[in-house]
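Read through the structure below, which is laid out as structure tokens, and then see the notes.
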Amino acid sequence: MSLNAVRLPVNEAARETSSQSALSECVSRTVRRYLADIGDTSCDEGLHALVTREVEGPLLREVLAFHDGNQSRAATVLGINRATLRKKLAAHGLL
């Protein structure tokens, strides 16, 4: 599904989200709400960078907590190297 600034009619938006995963649906709904809130105002850092920054910290925190702080298991689940995980944890102040 590609997102753009055009709003979908309510019934079409509901039909599209029914085939999405719960996570994808949550992201779609949140991005639509964000775009509606900012209107024509540009996002200084870029929307992709903003979403990545906002999502990555909680993702790392939750996966690490689920695996009782075991960084090796968390890195495996995330599909990244343990050193990369540690770098990201440090960047988000989670170490």
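The values are calculated or read from the model by the stated rules, or taken from the named source; none is laboratory data. The structure displayed is predicted, hence computed values, not measured ones. Ideal geometry is used to build each Cβ from the backbone, glycine not excepted, and the neighbour counts take in all protein chains shown. We work out accessible area using only protein heavy atoms, side chains counted, and drop any ligands, DNA or RNA first. Shrake-Rupley method; radii C 1.70, N 1.55, O 1.52, S 1.80 Å.
For the stretch 1-45: of the residues being modelled with pLDDT under 75 and among the polar types (S, T, N, Q), which is surrounded by the fewest Cβ atoms within 10 Å (Cβ to Cβ)?
Quick first cut of the stretch 1-45, residues modelled with pLDDT under 75 only: 1-19.
From the residues that got through so far, the ones that are among the polar types (S, T, N, Q) too are 2, 4, 11, 17-19.
Details: Ser2: 3, Asn4: 7, Asn11: 8, Thr17: 18, Ser18: 8, Ser19: 9.
Ranking the candidates gives Ser2 first.
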### Query
Among the residues of the stretch 46-69, which ones are farther than 18 Å from Thr84 by Cβ, under 16 Å from the mean Cα position of the chain (by Cα) and open to solvent by 90 Å² or more (accessible area, probe 1.4 Å)?
His48, Glu54
